[in-house]
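Asks: Have a look at this one before I ask anything.
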Amino acid sequence: MTAEPTADLRRQVPRTDALLADPRLVAAGGRLGRALVKSAVQDVQQQVRTGRIAPADAVAAVLAVLPATAGTLRPVLNATGVLVHTNLGRAPLSAAAVDAVVAASGTTDVELDLATGRRGPRGEGALAALLAAVPAAEAALVVNNCAAALALVATALGGELVIARGELVEIGDGFRIPDLLVSTGARLREVGTTNRVTPTDYTDVLGPDTTAVLKVHPSNFVVRGFTRAVQVAELAAALAGTGLPLVADVGSGLLRPHPALPDEPDLQSTLAAGADLALSSGDKLLGGPQAGLVLGRADLVRRLRRHPLYRALRVDKTTLAALEATLRGPHPPVRQMLDADPAQLRQRATALAARLTEAGLAVAVVTSTARVGGGGAPELELPSWAVTLPAAFAEPLRRASRPVVGHVAGDRTVLDLRSLLPADDDALAVAVLEVARRWT
Ligand SMILES: *Cc1c(COP(=O)(O)O)cnc(C)c1O
């Protein structure tokens with residue numbers, strides 16, 4: 001009688017301690033942590049036990065399933081045509097920002113003056129870069145995100161905030177700005193109607209409890225037809241002499257006007273027009289890390305910095321590093337994508353299609369419409385070019401070694417090139433070819 005095959009295999013399964021002692025797995029443990037390697041070892045042992053992997057191949061199999069990093073977040077190729085995609089982490093950082101993050105990740109002089117050895121102002125470099133980029137601002141402050149900036153303003157100013165009804169905005173995923181403001185204990189005094197508001201609507205309600213007037217950019221929708229909004233300059237003029245601060249949430253974080261985005265407010269123009277504080281996100285059109293920027297009058301910024309809540313909302317050294325490098329360094333990816341020339345996008349699509357056709361794939365090159373996304377410039381259509389594949393590619397592309405997210409239109413998977421940099425095109429081709437190979 002011969003031994004039962006599974007029992008035989010069981011005897012051949014390499015021992016856990018023997019596998020973990022393999023120099024290649026010791027090295028992997030140093031990089032990823034022993035627990036992660038051990039869990040991969042146990043998975044592979046199970047497969048050896050069932051005969052799917054030969055005992056001699058166990059170490060190679062463990063190495064093959066180990067993740068590239070100790071975290072689970074993976075780099076994804078954004079071929080959606082949405083430049084600032086919230087589900088894909090909004091703005092990708094520039095190489096300069098990534099280098100700055102790496103440099104600041106260890107022990108760093110974020111709050112120490114190396115010349116004197118004394119405590120220094122936290123994140124001074126990032127604040128100086130902000131002020132250089134937005135000269136209309138006297139002072140700046142960086143918090144966790146724009147929602148945090150709004151919460152800090154509403155908490156520190158408190159009392160009654162005057163805001164137009166048409167600016168009580170829901171940003172996305174159920175995040176409503178009025179709910180956030182009220183959660184701080186501030187009261188909202190709504191003025192005007194959904195579609196119309198005038199300067200006197202604001203001035204008529206100002207009273208002893210009023211602490212500030214708030215303007216919020218309705219980032220992700222437009223109101224058309226019989227409408228009337230009050231611009232910052234007009235509102236600042238109406239409030240002159242009242243001593244009440246005018247706070248403008250511009251949302252997207254454009255530093256200065258951009259020719260392709262005529263309806264998108266920017267920080268410099270908003271302050272120059274008379275806002276006392278301007279707030280924005282760091283990871284939308286600014287193209288930097290998640291952050292909330294507060295710029296404007298020095299006395300108001302000081303008040304916010306001194307409020308106890310600021311300590312709970314301030315950002316870490318890596319965010320400060322990324323923000324400073326985004327501001328001082330070359331144009332970040334979002335800006336490059338925004339400025340991409342359609343003729344160049346077409347060339348890239350054609351080159352990619354040629355490479356895929358050579359491998360036997362049925363691809364097409366088509367025009368496409370990209371969008372800013374992230375709740376910015378909702379109606380703006382950015383002319384773009386895309387490569388399309390059969391719709392069945394969409395799901396396996398998301399599971400490729402380097403996942404690709406496109407969108408499906410009818411029976412085609414559309415890979416839009418405007419939300420990728422030219423340097424990503426090779427990785428995109430490799431991912432598509434990987435999926436195609438698995439099918440043949
Ligand atoms: C996006 C947005 C916010 C929220 O910004 P986060 O940085 O995501 O907190 C707030 N206000 C406006 C007008 C926005 O567009």
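Asks: What pairs can you find where one residue is in the range 367-379 and more than 15 Å from the ligand (Cβ to nearest atom), the other is of a type in the set (D, E), and their Cβ atoms are less than 8 Å apart, with a gap of 6+ or different chains?
Replies: From residues that are more than 15 Å from the ligand (Cβ to nearest atom), the pairs are S368/D416; T369/E381; A370/E381; A370/D416.
Residue-by-condition table, conditions (1) farther than 18 Å from L279 by Cα; (2) open to solvent by 40 Å² or more (accessible area, probe 1.4 Å); (3) touching a Ser or Thr at 6+ places or on another chain (Cβ under 9 Å):
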site: A126; (1), (2), (3): no, no, yes
site: V143; (1), (2), (3): no, no, no
site: L150; (1), (2), (3): no, no, yes
site: L157; (1), (2), (3): no, no, yes
site: P199; (1), (2), (3): yes, no, no
site: D204; (1), (2), (3): yes, yes, no
site: K215; (1), (2), (3): no, no, yes
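Asks: Here's a check for you: in the range 332-388, which residue that is open to solvent by 30 Å² or more (accessible area, probe 1.4 Å) and among the polar types (S, T, N, Q) is nearest to S252 (Cα to Cα)?
Replies: Residue satisfying both the conditions and the ranking: Q336.
Asks: Continuing with this model, one more query. What is the residue count in the range 382-440 for residues that are more than 25 Å from the chain's Cα centre (by Cα) and either over 25 Å from Q344 (Cβ atoms) or in a loop (DSSP other than H, G, I, E, B) (or both)?
Replies: The qualifying residues number 12.
Asks: Looking at the range 203-229 only, could you name the residues that are part of a loop (DSSP other than H, G, I, E, B) and either in contact with a Phe, Trp or Tyr (Cβ under 6 Å, 6 or more places away or on another chain) or within 16 Å of the ligand (Cβ to nearest atom) (or both)?
Replies: If we filter the range 203-229 for residues that are part of a loop (DSSP other than H, G, I, E, B), which is where we start, we get 206-209, 217-227, 229.
Once the filter is applied, which keeps residues that are part of a loop (DSSP other than H, G, I, E, B) and either in contact with a Phe, Trp or Tyr (Cβ under 6 Å, 6 or more places away or on another chain) or within 16 Å of the ligand (Cβ to nearest atom) (or both), the range 203-229 yields H217, P218, S219, N220, F221, V222, V223, A229.
Asks: Continuing with the same structure: Considering each of A100, A104, A115 in turn, give the residue that is assigned by TED's automatic domain parsing to the domain that holds L327 and within 27 Å of G373 (Cβ to Cβ). Talk me through it step by step, then tell me what you get.
Replies: Details: A104 fails: within 27 Å of G373 (Cβ to Cβ); A115 fails: within 27 Å of G373 (Cβ to Cβ).
Checking each option against the conditions leaves just A100.
Asks: Condition (residue is among the β-branched types (V, I, T), surrounded by 15 or more Cβ atoms within 10 Å (Cβ to Cβ) and out of contact with any Leu (no Cβ under 7 Å at 6 or more places or on another chain)) applied to the range 55-65: is it met by at least one residue?
Replies: no
Asks: Can you tell me how many residues within the range 76-121 are in contact with a Gly (Cβ under 6 Å, 6 or more places away or on another chain), surrounded by fewer than 21 Cβ atoms within 10 Å (Cβ to Cβ) and of a type in the set (G, A, S)?
Replies: 1
Asks: Residues being within 16 Å of the ligand (Cβ to nearest atom) and touching a Gly at 6+ places or on another chain (Cβ under 7 Å): count how many of those fall in the range 161-202.
Replies: The first filter runs over the range 161-202 and keeps only residues within 16 Å of the ligand (Cβ to nearest atom), leaving 161, 163-184, 186, 188.
Add one more test, that the residue is touching a Gly at 6+ places or on another chain (Cβ under 7 Å), and what stays is 164-166, 171-172, 186.
Total satisfying the criteria: 6.
Asks: When the range 389-402 is examined, which residues are found to be more than 14 Å from L361 (Cα to Cα) and surrounded by fewer than 16 Cβ atoms within 10 Å (Cβ to Cβ)?
Replies: E395, R398, R399, S401, R402 - these are the residues of the range 389-402 that are more than 14 Å from L361 (Cα to Cα) and surrounded by fewer than 16 Cβ atoms within 10 Å (Cβ to Cβ).
Asks: Let me ask something else about it. Just give me the residues in the range 36-52 being open to solvent by 80 Å² or more (accessible area, probe 1.4 Å) and either of a type in the set (A, V, I, L, M) or closer than 14 Å to V65 by Cα (or both), in sequence order.
Replies: Those that are open to solvent by 80 Å² or more (accessible area, probe 1.4 Å) and either of a type in the set (A, V, I, L, M) or closer than 14 Å to V65 by Cα (or both): K38, Q42, D43, Q46.
Asks: Would you list the helices (runs of 4 or more DSSP H) that sit entirely within the range 243-327 and hold 2 or more residues that are within 15 Å of the ligand (Cβ to nearest atom) and buried (at least 19 other Cβ atoms within 10 Å of the Cβ)? Reasoning before the result, please.
Replies: Details: elements: 267-272, 298-306, 308-313.
So the answer is 267-272.
Asks: Test each condition in (1) surrounded by 17 or more Cβ atoms within 10 Å (Cβ to Cβ); (2) under 20 Å from A236 (Cα atoms) for R165 and report the one that comes out false.
Replies: Among (1) surrounded by 17 or more Cβ atoms within 10 Å (Cβ to Cβ); (2) under 20 Å from A236 (Cα atoms), R165 violates only (1).
Asks: Run down A377, A364, A370 and say which single residue is over 22 Å from the mean Cα position of the chain (by Cα), assigned by TED's automatic domain parsing to the domain that holds L433 and small (G, A, S). Break it down into steps so the answer makes sense when it comes.
Replies: Working: A377 fails: over 22 Å from the mean Cα position of the chain (by Cα); A370 fails: over 22 Å from the mean Cα position of the chain (by Cα).
From the options A377, A364, A370, the qualifying one is A364.
The values are calculated or read from the model by the stated rules, or taken from the named source; none is laboratory data. What you see is a predicted model; the values in this text were computed from it and never measured. Using ideal geometry, Cβ is built from the backbone for each residue, glycine included, and neighbour counts are taken over all protein chains shown. Note: accessible area is taken over every heavy atom of the protein model, side chains too, but ligands, DNA and RNA are not part of it. Shrake-Rupley method; radii C 1.70, N 1.55, O 1.52, S 1.80 Å.
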